[in-house]
Amino acid sequence: MKRCIARMALAGLILGGASPLRAADKLELTTRVSGVVDEVLVKTGQRVKKGTVLLRLGKTVLQARLDEATAEHARAQAEEADARRELDRAQELFNRTVSSTSELEAATLRHVRAQAALAAAGARRVIAQKDLDDADLMAPVDGVVNALPGGPGTVVTADCQPKTLVILSPGRR
């Protein structure tokens with residue numbers, strides 16, 4: 001709830017509400033990710049329901065980051081599988097007393113590193129997908145769009161003081 005009341009990153013929607021339970025009459029909305037506003041899907045004075053897409057950022061760069069993270073994850077999966085096979089082979093040779101403990105330990109270390117790289121690649125893919133999903137700014141509550149400070153072409157940076165893109169008044173009907 002605090003995130004709805006506080007200024008949100010990227011899109012500047014202010015939602016104003018008459019509800020006595022609200023800490024603020026207006027919500028200034030923005031996106032969590034940086035980008036350029038591609039399209040605004042609402043108009044000033046329009047009533048919106050919670051979850052309505054208010055505006056969209058351009059997704060080309062965000063999609064490319066997701067594609068890159070997906071490819072990195074696939075590479076990490078292949079490397080982990082290769083390291084697993086090498087470890088199995090090293091364990092078999094060690095069990096037959098054909099190889100040394102140091103060779104087995106080296107194969108074990110490579111496999112552990114490959115597993116860590118795979119986990120990191122998976123996390124980067126999840127973050128890239130979340131960033132792409134967050135390119136759509138949605139109304140956090142029912143309300144009326146009071147103002148649209150950010151229109152198509154507006155550059156938004158996700159920093160400590162993001163630009164307000166939409167101002168919404170919650171609860172007005």
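In this structure, does Arg3 turn out to be surrounded by fewer than 19 Cβ atoms within 10 Å (Cβ to Cβ) and either modelled with pLDDT of 95 or more or touching an Asp or Glu at 6+ places or on another chain (Cβ under 6 Å) (or both)? Spell out how you get there, then give the answer.
Details: surrounded by fewer than 19 Cβ atoms within 10 Å (Cβ to Cβ): yes; either modelled with pLDDT of 95 or more or touching an Asp or Glu at 6+ places or on another chain (Cβ under 6 Å) (or both): no.
No: the conditions fail for Arg3.
Can you confirm whether Ala128 is over 22 Å from Asp82 (Cβ atoms), crowded, with 18+ Cβ neighbours inside 10 Å and not assigned by TED's automatic domain parsing to the domain that holds Val48? Before you say what the answer is, go through the steps one by one.
Values: over 22 Å from Asp82 (Cβ atoms): yes; crowded, with 18+ Cβ neighbours inside 10 Å: yes; not assigned by TED's automatic domain parsing to the domain that holds Val48: yes.
Answer is yes for this residue.
Determine which member of the set Ala83, Ala76, Ala90 is crowded, with 18+ Cβ neighbours inside 10 Å and in contact with a Lys or Arg (Cβ under 6 Å, 6 or more places away or on another chain). It would help to see each step written out before you state the result.
Working: Ala76 fails: in contact with a Lys or Arg (Cβ under 6 Å, 6 or more places away or on another chain); Ala90 fails: in contact with a Lys or Arg (Cβ under 6 Å, 6 or more places away or on another chain).
It is Ala83.
For the range 49-71, a residue qualifies if it is farther than 25 Å from Thr157 by Cβ and buried (at least 17 other Cβ atoms within 10 Å of the Cβ), but none of them does.
The values are calculated or read from the model by the stated rules, or taken from the named source; none is laboratory data. On a predicted model such as this, the values are computed, not experimentally measured, just so you know. When we count neighbours, we look across all protein chains shown, and the Cβ atoms used for this are built from the backbone with ideal geometry, even at glycine.
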